[in-house]
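Worksheet for the structure shown next.
The values are calculated or read from the model by the stated rules, or taken from the named source; none is laboratory data. Only a predicted model underlies this, so the values are computations on that prediction, with no experimental measurement involved. Neighbour counts run over all protein chains shown; Cβ positions are idealised from the backbone, glycine included.
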């Protein structure tokens with residue numbers, strides 16, 4: 001046993017420890033929101049969530065399990081506790097998920113390993129074939145900065161850069177909390193190719209083809225991968241940058257998989273375009289923390305702001321279970337980001353963007369909410385947690 005008092009440690013946008021009790025509170029809060037919003041429905045037998053330990057992936061797993069009674073297999077790559085050091089937040093989220101699933105009579109299994117690897121894919125096929133059976137749903141929500149290609153052994157590191165020309169804009173220096181001007185040089189061709197290799201659709205396609213070849217997709221199975229488009233203010237670094245090229249590849253893969261799964265199983269493959277939220281990855285993208293801070297203020301004033309679990313409740317309840325085709329755009333993407341991109345919301349964001357300075361940052365934006373959401377990712381600054389009390393850190397599911 002390894003009880004200790006845990007104080008938050010972070011460097012800028014990098015959290016370097018996690019609080020297990022705070023993570024547990026976060027998971028239980030998401031479970032409660034699903035129970036409140038979705039009458040429990042046993043309409044889904046088996047779900048695979050690739051990238052299941054944080055953010056939209058974790059929220060998807062909770063929605064599938066507590067909303068629809070699904071047996072879930074989660075795939076993720078998280079660091080366990082070791083020699084007095086805490087585990088990652090995703091690890092503690094998974095411990096809390098499994099504890100709650102056992103309490104509530106839900107079947108769940110997890111594999112902690114590299115989702116890009118052939119080994120993890122084989123392990124998943126074995127677990128599914130032995131304990132689950134064919135899948136009704138496959139969610140692909142992998143957020144990784146690096147991929148070791150299982151065929152070539154090449155190491156691909158993603159880059160958060162514009163393409164073609166440098167990009168200069170306002171941003172928040174998260175260390176000094178000052179509004180600064182940042183200039184990001186353009187990506188070279190290798191950086192573009194590497195980002196597509198990490199964040200594009202190749203691995204999603206490999207997963208689906210493997211599951212089909214093993215007979216592990218049920219008739220009518222659906223698969224979704226998550227993406228983001230965002231407003232024009234972020235496009236040079238996002239939609240028109242290296243990440244955008246990767247997301248274009250992901251969308252192209254969705255169209256190809258939609259034909260494949262549709263023809264063979266009567267199923268579907270879709271992209272779900274979700275709202276901007278705080279993640280460790282988004283906090284690392286210049287410009288995005290300032291945009292999020294302003295967006296949160298505007299959407300909270302209108303009562304339309306949503307956390308990942310709220311988005312996933314709508315995805316599962318309205319689209320996956322409810323069949324609401326109005327959520328699809330002309331390219332067949334599920335658009336959960338519509339409230340964020342409403343013209344009046346973006347006009348208000350644009351006006352505040354011009355006015356915000358270091359002196360009025362806390363007044364004109366919800367930077368305090370951004371910081372709280374960032375801390376919450378790691379189980380800190382969570383309401384109801386006594387951070388002066390020692391907690392057990394050496395946990396397992």
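Exactly one residue out of 305, 318, 330 is part of a helix (DSSP H, G or I) and free of Cβ contacts under 8 Å to residues at least 12 places away in the same chain: that is 318.
Does residue 368 satisfy the condition of being at pLDDT 95 or above, surrounded by fewer than 19 Cβ atoms within 10 Å (Cβ to Cβ) and more than 22 Å from the chain's Cα centre (by Cα)? It is false that residue 368 is at pLDDT 95 or above, surrounded by fewer than 19 Cβ atoms within 10 Å (Cβ to Cβ) and more than 22 Å from the chain's Cα centre (by Cα). Checked against (1) modelled with pLDDT under 95; (2) buried (at least 17 other Cβ atoms within 10 Å of the Cβ); (3) more than 23 Å from residue 228 (Cβ to Cβ), residue 11 passes all but a single condition, namely (2). Report yes if some residue within the range 333-340 is modelled with pLDDT of 95 or more, in a helix (DSSP H, G or I), under 18 Å from the mean Cα position of the chain (by Cα) and buried (at least 18 other Cβ atoms within 10 Å of the Cβ); otherwise report no. No, every residue in the range 333-340 fails to be modelled with pLDDT of 95 or more, in a helix (DSSP H, G or I), under 18 Å from the mean Cα position of the chain (by Cα) and buried (at least 18 other Cβ atoms within 10 Å of the Cβ).
In this structure, does residue 111 turn out to be without any contact (Cβ under 8 Å) to a residue 40 or more places away in the chain, crowded, with 18+ Cβ neighbours inside 10 Å and part of a strand (DSSP E or B)?
Working: without any contact (Cβ under 8 Å) to a residue 40 or more places away in the chain: yes; crowded, with 18+ Cβ neighbours inside 10 Å: yes; part of a strand (DSSP E or B): yes.
When the stated conditions are applied, residue 111 passes them.
Look at (1) surrounded by 15 or more Cβ atoms within 10 Å (Cβ to Cβ); (2) modelled with pLDDT of 95 or more and you find that residue 301 fails only one, number (1). I'd like the residue in the range 352-365 that is touching a residue at least 40 places away in the same chain (Cβ under 8 Å) and assigned to a loop (DSSP other than H, G, I, E, B) and, out of all such residues, is surrounded by the fewest Cβ atoms within 10 Å (Cβ to Cβ). Restricting to residues being touching a residue at least 40 places away in the same chain (Cβ under 8 Å) and assigned to a loop (DSSP other than H, G, I, E, B), the top hit is 357. Within the range 233-243, can you find the residues that are touching a residue at least 12 places away in the same chain (Cβ under 8 Å) and outside any helix (DSSP H, G or I)? Once the filter is applied, which keeps residues that are touching a residue at least 12 places away in the same chain (Cβ under 8 Å) and outside any helix (DSSP H, G or I), the range 233-243 yields 236, 237, 238, 240, 241. Among the criteria (1) in a loop (DSSP other than H, G, I, E, B); (2) farther than 26 Å from residue 132 by Cα, the one residue 180 does not fulfil is (1).
With 96, 45, 109 as the choices, which residue is farther than 23 Å from residue 389 by Cβ and modelled with pLDDT of 95 or more? Answer to the selection: 109. Being at pLDDT below 95, in contact with a strand residue (DSSP E or B) (Cβ under 7 Å, 6 or more places away or on another chain) and closer than 30 Å to residue 288 by Cα holds for only one residue in 75, 16, 50, and it is 16. Residues in the range 51-79 that are surrounded by 17 or more Cβ atoms within 10 Å (Cβ to Cβ) and farther than 23 Å from residue 323 by Cα: 51, 52, 53, 54, 55, 73, 74, 75, 76, 77, 78. Residue 392 meets the stated requirement of being closer than 27 Å to residue 29 by Cα and surrounded by 12 or more Cβ atoms within 10 Å (Cβ to Cβ).
If the requirement is being farther than 27 Å from residue 298 by Cα and not in a strand (DSSP E or B), which of these qualifies: 281, 246, 225, 218?
Residue meeting the stated conditions: 246.
Here residue 135 clears all of (1) under 19 Å from the mean Cα position of the chain (by Cα); (2) crowded, with 17+ Cβ neighbours inside 10 Å except the condition numbered (1). Identify, from the list 345, 349, the residue that is part of a helix (DSSP H, G or I), in contact with a helix residue (DSSP H, G or I) (Cβ under 6 Å, 6 or more places away or on another chain) and over 30 Å from residue 15 (Cα atoms). The match here is 345. Of all residues in the range 286-302, exactly one satisfies the criterion of being outside any helix (DSSP H, G or I) and farther than 18 Å from residue 341 by Cβ, namely 286. Here is a check on your reading of the model: is residue 276 within 24 Å of residue 331 (Cα to Cα) and in contact with a strand residue (DSSP E or B) (Cβ under 6 Å, 6 or more places away or on another chain)? No. Residues that are farther than 30 Å from residue 367 by Cβ and out of contact with any strand residue (DSSP E or B) (no Cβ under 9 Å at 6 or more places or on another chain) were ranked within the range 169-201; the one that is surrounded by the fewest Cβ atoms within 10 Å (Cβ to Cβ) is 189.
Please count how many residues of the range 49-79 are closer than 19 Å to residue 123 by Cα and in a loop (DSSP other than H, G, I, E, B). The total comes to 6.
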